[in-house]
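The values are calculated or read from the model by the stated rules, or taken from the named source; none is laboratory data. Computed from a predicted structure; not experimentally measured. Because the Cβ atoms are built from the backbone with ideal geometry, glycine has one as well, and the counts that use them run over all protein chains shown. Protein only, heavy atoms only, side chains kept; ligands, DNA and RNA dropped before computing areas. Shrake-Rupley method; radii C 1.70, N 1.55, O 1.52, S 1.80 Å.
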Amino acid sequence: QVHLKESGPGLVKPSETLSLNCIVSGDSINRGYYWAWIRQPPGKGLEWIGNLYHSGNTYYNPSLKSRVTISVDTSKNQLSLNLTSVTAADTAFYYCARQGISPYSTSWIQFWGQGSLVTVSS
Amino acid sequence: EIVLTQSPGTLSLSPGERATLSCRASRSFSSKYLAWYQQKLGQAPRLLIYDASSRATGIPDRFSGSGSGAHFTLAISRLEPEDSAVYFCQQYSSSPITFGQGTRLEIK
């Protein structure tokens, strides 16, 4: 069974950079799936942020593309998210996830982390 | 991007009844690239259905998905109290991946 666990600061100041890590266990990031970040403002819907293939190819939601970087550290089996110039609108639960097997960058979300709440506030 | 609209917003049913949840896309898919998720309070979403009608591992056969084109349905038969949750649909026919706004299912 694949397990994903997010970690990072729970509070970020406006205009600063949100940084989260996700440790993957029970699978190798090198094994050929797309690994994604998804967020959910409290009480609201889900927004796909972007994903990364083990080769390093990344795909981002156009709505966030100018501010997002997703990267991987294969030695740690860890996925990372950086989101720059945050505002209160970026307050959300951030989930890392493994997408289902597919030759395409888009697929269903098979495994989810427990989520990490990040609040943007001064 | 493809916008998904779910209906109804809230559904209130009794144990043993059948729930039918709708997900409509802003444009038709040429493939069945649609998934359904269940999210209970305070938890991450859980995959129920992928490719419109394939059940994920461990999902009971009370849950079934159908549809194609621009209209998809999730049916839950023989409702149980534990089915209380918010249900989301998701399309992966084109990038960016998008989700519906959710249907809240309440079991009376």
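Enumerate the strands (runs of 3 or more DSSP E) found wholly within the range A:8-78, keeping only those where 1 or more residues are crowded, with 20+ Cβ neighbours inside 10 Å and not aromatic (F, W, Y).
It comes to A:18-25, A:34-40, A:47-53, A:68-73.
Go through (1) modelled with pLDDT under 95; (2) in a loop (DSSP other than H, G, I, E, B); (3) touching a strand residue (DSSP E or B) at 6+ places or on another chain (Cβ under 8 Å); (4) open to solvent by 30 Å² or more (accessible area, probe 1.4 Å) and name the single condition A:Q114 misses.
Here A:Q114 clears every test but (1).
Looking only at the range B:7-37, how many residues end up being surrounded by 18 or more Cβ atoms within 10 Å (Cβ to Cβ) and touching a helix residue (DSSP H, G or I) at 6+ places or on another chain (Cβ under 8 Å)?
Within the range B:7-37, residues that are surrounded by 18 or more Cβ atoms within 10 Å (Cβ to Cβ) and touching a helix residue (DSSP H, G or I) at 6+ places or on another chain (Cβ under 8 Å) number 1.
So which residues in the range B:75-108 are within 9 Å of chain A (Cβ to nearest Cβ) and out of contact with any Gly (no Cβ under 7 Å at 6 or more places or on another chain), if there are any at all?
B:Q90, B:Q91, B:Y92, B:S93, B:S94, B:S95, B:P96, B:I97, B:T98, B:G100 - these are the residues of the range B:75-108 that are within 9 Å of chain A (Cβ to nearest Cβ) and out of contact with any Gly (no Cβ under 7 Å at 6 or more places or on another chain).
Determine whether B:G69 is farther than 15 Å from A:G100 by Cβ and either β-branched (V, I, T) or at the interface with chain A (Cβ under 10 Å from one of its Cβ atoms) (or both).
Numbers: farther than 15 Å from A:G100 by Cβ: yes; either β-branched (V, I, T) or at the interface with chain A (Cβ under 10 Å from one of its Cβ atoms) (or both): no.
For B:G69, the condition - farther than 15 Å from A:G100 by Cβ and either β-branched (V, I, T) or at the interface with chain A (Cβ under 10 Å from one of its Cβ atoms) (or both) - is not met.
For the range A:71-122, enumerate the residues that are within 14 Å of chain B (Cβ to nearest Cβ) and of a type in the set (G, A, S). Quick ask: steps written out before the conclusion?
Looking only at the range A:71-122, we keep the residues that are within 14 Å of chain B (Cβ to nearest Cβ), and these are A:92-117.
Those that are within 14 Å of chain B (Cβ to nearest Cβ) and of a type in the set (G, A, S): A:A92, A:A97, A:G100, A:S102, A:S105, A:S107, A:G113, A:G115, A:S116.
Which numbered condition trips up B:L48, out of (1) within 14 Å of chain A (Cβ to nearest Cβ); (2) of a type outside the set (V, I, T); (3) more than 11 Å from the chain's Cα centre (by Cα)?
(3)
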